Amino acid sequence: MTIWEVFVQTEGGDPFEHVGQVEAPNGDTATLAAKEHFVRRDPCVGLWVVDREDVRSASWPPDVLASGHEKVYRRSLGRGAPDDVLAGRL
Amino acid sequence: MDIEELKTRVAAGEQLEPWMDLPEEYISAAKRMMEFHMTSEVVGPVHEFWWVPKAPSLEAKMIFAAKSQDEVGHGLGLMTVCEDLTGRSRASYIEEMFDGPPRFMNVFHYPWDEWADPVIVSWLIDGAEIERQTTLLKTSYGPYARAMKKIVKEEGFHYHCGRFLADRMVHAGAEPKRQMQDGLVRWWPRILAMFGPPDSKSTHGETLMSFGLKLSENEALRQSYLTKFVPRILEMGLEVPDNNLGFDEDTQVWSYTEPDWEEFRGLLRGGSPVGADLQKALRESRLLNNWMVTKDAA
Amino acid sequence: MSAGTEMSDRAAALIALADDDFAVGHVLTSVSGFGPSLEINVALSSMGQDELGHSRAYYAAAFDDDRDAINRAIYERAGSDFRAAGISWLYDHAWEWLLIKSYLFETADAHRRGAIARGNDSVLTEMVTRMESEEVYHLDFWRGWLATTCENDQAADHLQPVLDVAWHAAQELFDADRFAALVEPSVLSAAAESWKEEAAAELNQLGLVVPDKAAGALPTGGLERVMDEIHAVQPMAPGRW
């Protein structure tokens with residue numbers, strides 16, 4: 001039995017959102033299961049099922065994954081901030 | 001991660017994920033709590049599907065079928081969360097359910113012999129679950145909190161379904177109304193017990209609270225339930241069958257007949273009136289279709 | 001329609017369609033607690049609810065939207081007065097029965113609805129068209145699961161004996177007399193032939209053989225069981241539901 005991760009797009013233009021998983025022998029039966037389990041009541045324009053084995057998870061810990069988060073020089077300071085303040089922050 | 005660090009992070013509102021280095025005690029507590037919830041959602045529908053065919057009108061049938069279907073989906077959602085936490089396969093969970101002693105909510109241990117039973121359960125018990133389950137949206141175990149989103153959305157419908165069926169039943173005639181009242185007499189003590197003993201009597205409850213898995217004290221939930229549901233029962237034209245029921249305006253506390261906690265605990269120790277029947281039904285449907293399991297199934 | 005007036009042929013034919021969907025919907029919503037997996041069970045219930053909804057649409061057309069008349073037609077008629085095909089009442093949650101019954105019913109009903117939609121009755125055509133978005137899923141579900149099930153080398157052992165009794169029984173779904181008021185017999189029988197050709201080809205491809213003649217009668221008891229179930233509450237709790 002394969003585990004399939006399920007992604008749903010609610011309306012055109014929305015990102016596909018991970019909603020959970022189903023177990024099924026193949027992609028067709030996984031899609032059949034995912035539709036009735038996850039989008040019985042909600043609007044939906046797109047549905048993906050992905051074999052869990054095909055999902056590649058980055059193995060970096062949170063501090064490595066988020067290392068870009070602290071880089072001040074990539075940030076906008078907002079309207080009105082003088083340009084030399086940006087360089088000054090380095 | 002050690003337990004003290006975990007408690008600090010949880011108290012700060014952090015939600016935990018299975019790939020973090022979670023302490024054994026936390027995993028064990030989360031597993032026990034989620035498996036109990038999951039098992040309840042898998043055995044509960046057996047009762048319901050004994051009654052779906054008997055719903056007395058086409059509307060009742062469709063509504064009750066939709067509600068029962070949701071419960072199966074809740075079992076499915078929680079099952080996947082348990083599988084990921086423990087590494088156990090679906091097959092092993094299903095098989096355990098029909099062999100081991102069943103561990104699930106008290107209300108499912110009793111027989112549902114009359115139509116009033118599924119009606120009352122849907123109205124008063126699904127209704128009771130809404131508040132507790134809403135608190136679980138913030139449970140410290142991330143996958144559990146995420147699975148609860150869909151569950152909580154659907155519980156609201158279940159309460160309305162129950163209220164619709166109850167309303168139909170009390171207005172269907174004198175006899176159905178009398179059966180609802182009798183049903184309340186049967187179910188009231190079980191509903192009160194459902195929230196569990198006050199947390200001062202439960203070390204387990206304290207652990208779950210300190211881990212952020214559980215977010216409301218049992219007594220607080222019971223009190224909140226009484227405030228919401230006693231008026232609703234009266235509005236339905238029924239009486240609450242509890243001579244000790246009363247609300248103290250000064251302390252703002254409800255008093256009620258203390259549930260029989262021995263009976264409550266006994267249900268999980270072999271004292272279940274219908275546990276064996278439920279297991280038998282699950283086992284039979286699994287064995288009937290065993291040949292379908294493909295070669296590579298776990 | 002009020003009690004005492006003679007039922008028109010059109011109403012009688014609509015009720016026959018409604019009865020088929022009611023029988024199928026009742027069985028599906030009931031067995032969905034006891035199917036092979038949680039995922040399948042969720043889908044069975046959806047499809048059963050869809051069929052009940054379709055039955056309600058057909059009953060509503062027959063009874064001018066009178067809710068009480070619809071419930072009386074379902075809950076107060078004797079089993080022998082229902083006009084569903086025998087296969088619609090098949091009531092068994094073992095996968096081989098559920099799968100073959102549903103595959104035959106859904107594929108046949110698709111051709112039948114197609115024949116009806118091509119007729120002159122615009123109300124009916126519109127009604128049937130509205131059902132399509134649900135029926136597409138039903139067809140995909142049963143055809144998908146038939147194909148998947150047949151990948152299992154034990155499948156034929158379980159499915160062939162069922163097909164041997166169910167194949168011919170399914171043809172009652174195209175009974176010309178029952179539906180003459182809604183569709184020309186020649187159109188209906190052409191639909192039956194297309195259905196047989198397509199379904200036989202699909203089944204053969206999956207390793208199953210369409211029988212020349214029925215190996216035996218369909219198991220009985222389904223209709224009686226449904227009647228017992230839907231009549232269970234009224235005597236216990238009489239009143240207007």
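Here are a few things to note about the model shown:
- B:GLY183 vs. criteria within 14 Å of chain C (Cβ to nearest Cβ), part of a helix (DSSP H, G or I) and surrounded by 19 or more Cβ atoms within 10 Å (Cβ to Cβ): yes
- Residue within region B:265-278 that is in contact with a Pro (Cβ under 8 Å, 6 or more places away or on another chain), farther than 16 Å from B:ASN106 by Cβ and within 14 Å of chain C (Cβ to nearest Cβ) present: no
- Selection status of C:TYR59, more than 23 Å from C:TRP195 (Cα to Cα) and buried (at least 22 other Cβ atoms within 10 Å of the Cβ): yes
- Cβ-Cβ under 8 Å pairs, at least 6 apart or on other chains, region C:150-163 side within 11 Å of chain B (Cβ to nearest Cβ) and in contact (Cβ under 8 Å) with a residue 24 or more places away in the chain, far side in a helix (DSSP H, G or I) and of a type in the set (Asp, Glu): C:HIS158/C:GLU96; C:LEU159/C:GLU96
- When residues of region B:105-143 are limited to those that are farther than 28 Å from B:ALA29 by Cα and of a type in the set (Asp, Glu), the one surrounded by the most Cβ atoms within 10 Å (Cβ to Cβ): B:ASP117
- Which numbered condition B:ASP113 misses (of (1) more than 14 Å from chain C (Cβ to nearest Cβ); (2) without any contact (Cβ under 8 Å) to a residue 24 or more places away in the chain; (3) in a loop (DSSP other than H, G, I, E, B)): (1)
- Among the residues of region C:118-143, the ones that are without any contact (Cβ under 8 Å) to a residue 24 or more places away in the chain and crowded, with 17+ Cβ neighbours inside 10 Å come to 1 in all.
- Residues of region B:46-92 that are more than 28 Å from C:SER55 (Cα to Cα), under 18 Å from the mean Cα position of the chain (by Cα) and among the hydroxyl-bearing types (Ser, Thr, Tyr): B:THR80 alone.
- Check on C:ASP92, under 30 Å from C:ASP157 (Cα atoms) and part of a helix (DSSP H, G or I): no
- Selection from region C:194-241 of residues that are aliphatic (A, V, I, L, M), touching a residue at least 40 places away in the same chain (Cβ under 8 Å) and within 14 Å of chain B (Cβ to nearest Cβ): C:LEU223, C:VAL226, C:MET227, C:ILE230
- Helices (runs of 4 or more DSSP H) contained in region C:175-241 and holding at least 1 residues more than 18 Å from the chain's Cα centre (by Cα): C:185-205, C:222-230, C:233-236
- Hits in region C:7-54 (condition: more than 10 Å from chain B (Cβ to nearest Cβ), small (Gly, Ala, Ser) and outside any helix (DSSP H, G or I)): C:SER8
- Restricting the first member to region A:31-52 and to residues that are under 18 Å from C:TRP145 (Cα atoms) and more than 8 Å from chain C (Cβ to nearest Cβ), and the second to residues that are of a type in the set (Val, Ile, Thr) and in a helix (DSSP H, G or I), the beta-carbon pairs closer than 6 Å and six or more apart or on different chains are A:VAL49/A:THR31.
- Restricting region B:233-249 to residues that are without any contact (Cβ under 8 Å) to a residue 40 or more places away in the chain and part of a helix (DSSP H, G or I), the residue that is surrounded by the fewest Cβ atoms within 10 Å (Cβ to Cβ): B:GLU235
- Within region C:66-103, the set of residues being over 14 Å from the mean Cα position of the chain (by Cα) and away from chain B (no Cβ under 11 Å) comprises C:ASP66, C:ALA69, C:GLU76, C:ARG77, C:ALA78, C:GLY79, C:SER80, C:ASP81.
- Filter result for B:LYS214 (without any contact (Cβ under 8 Å) to a residue 40 or more places away in the chain, over 30 Å from C:ALA232 (Cβ atoms) and of a type outside the set (Ser, Thr, Tyr)): no
- Check on C:ALA69, assigned to a helix (DSSP H, G or I) and surrounded by fewer than 24 Cβ atoms within 10 Å (Cβ to Cβ): yes
Residue-by-condition table, conditions (1) touching a Gly at 6+ places or on another chain (Cβ under 9 Å); (2) within 9 Å of chain C (Cβ to nearest Cβ); (3) assigned to a loop (DSSP other than H, G, I, E, B):
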position: B:SER28; (1), (2), (3): no, no, no
position: B:GLU35; (1), (2), (3): no, no, no
position: B:PRO56; (1), (2), (3): yes, yes, yes
position: B:LYS61; (1), (2), (3): yes, yes, no
position: B:SER68; (1), (2), (3): yes, yes, no
position: B:GLU83; (1), (2), (3): no, no, no
position: B:ARG88; (1), (2), (3): no, no, yes
position: B:GLU96; (1), (2), (3): no, no, no
position: B:LEU124; (1), (2), (3): yes, no, no
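Rule-based calculations on the coordinates, nothing more; no lab input. What you see is a predicted model; the values in this text were computed from it and never measured. Methodologically, a virtual Cβ is constructed for each residue, glycine included, from the backbone with ideal geometry; neighbour enumeration extends over all protein chains shown.
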